[in-house]
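Take a look at the structure below.
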Amino acid sequence: MRRRLLLLALLVMGAATAIAQSTQEDLDDKYATELIKTGTAAPDFQMKTPDGKTFLFSEFAKGRTVVLDFWASWCPDCRKDAPEIVRLYDSYRQHGIEFIGISMDTDVEAWKKAIATYGITYTQVSELKKFKETDIAKAYGVKWIPSMVVVGPDGLVKLSTVMVSKLDRFLRELQAPSPN
């Protein structure tokens, strides 16, 4: 009798776990509907770094895999995800994957403070305009932050998402050796 109850309890727990995993909300279905689509040529852009230098995406990205991290210092979800994005950068840069932070901040000092607070060492750029007024948000279809876009060495978009977990999984799969 005890074995049957234990078996029944395990089956119920397994079923509950399967249901929970299958009903987990995919935030891309809600917030990434207008993000640039996979296979699209990544639009070029030119912006300023926090110290006022001009940055041209096409020169930087040529022949590289680049993660575009759309964020802002005032965004609660961006602040929550920042440590994980920094961890991903630290993990994948050794494999030649570059990151560019594209800030939707309007206040350069708040932007610089957030960069320091989160220990962000990868390239940062911004238009220093309101989010909805930026050319970059329009070009990449960014309606929600944080958003991440992966651009391949061929200049084509490989992934568009608002979920750090999807970015991590994609980068992990990108680094996995291909089967022979």
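The values are calculated or read from the model by the stated rules, or taken from the named source; none is laboratory data. Remember, it's a predicted structure, so these values are computed and weren't measured experimentally. Cβ: placed from backbone, ideal geometry, glycine included. Neighbour counts: every protein chain shown. The area values use the complete protein model at the heavy-atom level, side chains included, leaving out ligands, DNA and RNA. Shrake-Rupley method; radii C 1.70, N 1.55, O 1.52, S 1.80 Å.
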- Mind listing just one residue for me: the one in region 13-38 that is touching a Ser or Thr at 6+ places or on another chain (Cβ under 9 Å) and open to solvent by less than 50 Å² (accessible area, probe 1.4 Å) and, of those, modelled with the highest pLDDT? Ile36
- Subset of region 39-57 [out of contact with any strand residue (DSSP E or B) (no Cβ under 7 Å at 6 or more places or on another chain), within 19 Å of Ala139 (Cα to Cα) and open to solvent by 50 Å² or more (accessible area, probe 1.4 Å)]: Asp44
- Task: For region 97-111, enumerate the residues that are in contact with a Pro (Cβ under 9 Å, 6 or more places away or on another chain) and over 16 Å from Pro83 (Cα atoms).
- Result: Val108
- Message: For a quick check of your reading of the model, give me the residue pairs whose first member lies in region 31-43 and is within 19 Å of Phe60 (Cβ to Cβ), whose second is assigned to a loop (DSSP other than H, G, I, E, B), with beta-carbon atoms closer than 7 Å and at least 6 apart or on different chains.
- Response: Ile36/Gly141; Ala41/Gly155; Ala42/Gly155
- Query: In region 130-144, what residues are assigned to a loop (DSSP other than H, G, I, E, B), at pLDDT 95 or above and more than 11 Å from Leu35 (Cβ to Cβ)?
  - Reply: Thr134
- Would you say Arg93 is under 25 Å from Asp26 (Cβ atoms) and open to solvent by 80 Å² or more (accessible area, probe 1.4 Å)? no
